[in-house]
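Asker: Could you have a look at this structure, given as structure tokens, before my questions?
Nothing in this text is a laboratory measurement; each read-out follows from the coordinates by a stated rule. Since we're looking at a predicted model, the values are computed, not measured. Here Cβ is always computed from backbone atoms with ideal geometry, including for glycine, and neighbour counts include all displayed protein chains.
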Amino acid sequence: MRQFEGGWRRAAFWAGCLALLLGVRLCHVDVLWVDEAYGLAAARRMLEGAELYRGVWFDKPPLYAWIYLAWGAETGWALRVGGALFALLCCWLAARTADAMFGRREGYVAAALMAFYLSFGHPAALISLAPDLLLIPFALGAVWAAQTGRPVAAGIIAAAGLLANAKALVLLPVILIWRPRGAARGAAGYAAAAAGVWLAAGDWLGPVWQWGAMYSREALFANPLAEGAARTVNWAGFHAALVMGAAIYFARREKGWWRMAVWVLAGLLMVAAGMRFFPRYYFALLPALTIAAARGICLPGRWWVTAMLAVALIVPAVRFGSRHVATLRGEPRAMRDLALFADAREAASAIRKMARPGDTLLVWGYRPELNVLAGLPGATRFIDSQPLTGVIADRHLTVSTPSAPELAARFRRELAGTRPAFIADGLGKLNAALAIERYGDLGEWLEGYEQVAETEGVRIYRRRVAGTQSQTR
């Protein structure tokens, strides 16, 4: 009877976690965040028969596109259920890792904390299955394997994380330090798996590693250290329950505490990589702090910790819970964050109304929502204009100086040999210097097109056909 009751409680706990994770994500069932649209756009090109990196220029590791193939690169309910199940996997791995390190109670607390913080955070980062979020299960799985005395498995899992995020390189020293006696076996497992990852990924050296290195070299902020400190303090405020719980654990100096400290420091290094400090980068801290906080909260004789935890959780629950509800209702405060999505939806609708069977689309600008919402196959291997302008997407709304001018010129020559039926310039009205019509080497090619529609942020061109008239409005 006791075993049955225990099983019922476990089932109820995990059902509660899934209900929370799914409920939050279903608030976003009718919207598409840009970071998930990018992976979806690449996945759809793969379903059209294009090979990732060769037939699709994609500057992120392959899992970012592969994961969307699991549900046919569909949006709506399928996308949200898939996201909830991924988040539940993270919770389960957090539970297993904390259980292996401390005990079953800590395992449940770790899972609950992971479910909470994968439900209440910045929606653009939280909802999108993008590289920083995708790395979480690899980090947890690698440490779990190391903690349970399986260094080879730890190395393999850590290296497999490269399929999700290049920051998985930082997981290698974590697992080697975690189990020094098995360091040689862990390193061998990592090396073998990394070689397999490299072969499985395909031709990703240029778009992922070289482009990524260029991206990381160019700081986004004038004073990145000050910006990083401010953003980290802000993140710590919303994650006060984790920070306080972890502080209690580290103050206790239990056996092996220094391993957890190494893991936290590795997370901070991942956050600081590239000196951008976007909210999604802080997912690198979530696994280590969740495990440490679970132990701090569960230490005996700490009733006041429960009270502090309850208070600390109220702030993010209210702050971000209201954002989810606002998005569900389509309220103006939510739509300010989704202004480009709403504009892309309008432009995509216009394209679909004019499209004929066999028509194709080129999107100019970093507007992957257009690729997904328009529903037309791609005519080129470019799903955005970063490689065509040489300007990185996180600055192309305000900067027009290319980071890779020679590469961009070569890619534009390639583009001039293609004939998409539609061109959607989603950048020119936001940054006139990067409008497609400003590129002289595309001038003759662009003469074969006429503008047929526009929205607040998108100009839509269609290839000219003899006997047709312009529908420019």
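Asker: So, with +1 on the Cβ of K and R and -1 on the Cβ of D and E, and no other charges, what is the size of the charge dipole of the chain about its Cα centre, to the nearest 20 debye? Spell out each step's value before the answer.
Answerer: Details: 50 positive and 33 negative charges, 306 e Å.
For this selection, approximately 1480 debye.
Asker: Another question, then. Net charge within 11 Å of Gly107 by Cβ-Cβ distance, Lys/Arg positive one each and Asp/Glu negative one each, not counting Gly107 itself?
Answerer: Values: positive: Arg10, Arg96, Arg104, Arg105, Arg295; negative: Asp99, Glu106.
Its environment carries a net charge of +3.
Asker: On alpha-carbon atoms, Rg over Rh for segment 162-226 using Kirkwood Rh? Walk me through the numbers before you get to the answer.
Answerer: Values: Rg = 15.3 Å, Rh = 14.0 Å.
Expressed as Rg/Rh, it is 1.10.
Asker: What is the distance in Å between the Cα centres of segment 352-373 and segment 100-134?
Answerer: Between the Cα centre of segment 352-373 and that of segment 100-134, the gap is 35 Å.
Asker: Let me ask you something else. By its C-alpha gyration tensor, with a ≥ b ≥ c as the square roots of the eigenvalues, how is segment 129-286 shaped: rounded for a/c under 1.5, else prolate for a/b larger than b/c, else oblate?
Answerer: Details: a/c = 2.23, a/b = 1.05, b/c = 2.11.
Oblate is the answer for segment 129-286, as a/c is 1.5 or above yet b/c matches or exceeds a/b.
Asker: What value in Å³ per residue do you get for the convex hull of the alpha-carbon atoms in segment 1-159? Display every interim value, and only then the final one.
Answerer: Values: hull volume 19.8 nm³, N = 159.
With only Cα atoms used, segment 1-159 gives 125 Å³ per residue.
Asker: Using a 7 Å offset from the Cα along the Cα-to-Cβ direction at both Lys353 and Leu205, what is the distance between the two label points in nm, to one decimal?
Answerer: The modelled label-to-label distance comes out at 4.9 nm.
Asker: Assuming 0.890 mPa s and 25 °C, estimate D for segment 339-463 with Stokes-Einstein, Rh taken as the Kirkwood radius over Cα pairs, in µm²/s. Write down the numbers at each step before the final one.
Answerer: Values: Rh = 14.2 Å.
So the translational diffusion coefficient is about 172 µm²/s.
Asker: Using Cα atoms only, what is the angle between the long axis of helix 303-329 and the major principal axis of the chain, expressed in degrees (0 to 90) to the nearest 10?
Answerer: Its long axis makes an angle of about 20 degrees.
Asker: When Lys and Arg each count +1 and Asp and Glu each count -1, what net charge do the other residues less than 11 Å away from Thr401, Cβ to Cβ, add up to?
Answerer: Details: positive: Arg395; negative: Glu218.
Value of the local net charge: 0.
Asker: Let me ask another. Return the Rg/Rh value of the chain, two decimal places, where both radii are evaluated on C-alpha atoms and Rh is the Kirkwood radius. Before the final figure, lay out each step's value.
Answerer: On the way: Rg = 23.7 Å, Rh = 23.7 Å.
Answer for the chain: 1.00.
Asker: Grab the DSSP H runs of the chain that are 4 residues or longer, score each as -39,500 (n - 2.57), total them, divide by all residues and round the 222 nm result to the nearest 500 deg cm²/dmol. If you can, show how the numbers build up before the last one.
Answerer: Values: 23 runs with 279 residues, N = 473.
It lands at -18500 deg cm²/dmol.
Asker: To test your reading of the geometry: what angle, between 0 and 90 degrees and rounded to tens, separates the Cα axis of helix 405-415 from the longest principal axis of the chain?
Answerer: The two axes meet at around 60 degrees.
Asker: Near Leu199, within a Cβ-to-Cβ distance under 15 Å, what is the net charge of the other residues, with Lys and Arg +1 and Asp and Glu -1?
Answerer: -1
Asker: Right, next: If you take the square roots of the eigenvalues of the alpha-carbon gyration tensor of segment 321-400 and sort them as a ≥ b ≥ c, do you get rounded (a/c under 1.5), prolate (a/b over b/c) or oblate?
Answerer: oblate
Asker: While we're on this one: For helix 339-354, report the angle its Cα long axis makes with the longest principal axis of the Cα atoms of the chain; keep it between 0 and 90° and round to the nearest 10°.
Answerer: In the chain, helix 339-354 runs at an angle near 40 degrees to the longest axis.
Asker: Would you mind pulling out the separation of the Cα centroids of segment 410-436 and segment 60-77, in Å?
Answerer: 26 Å
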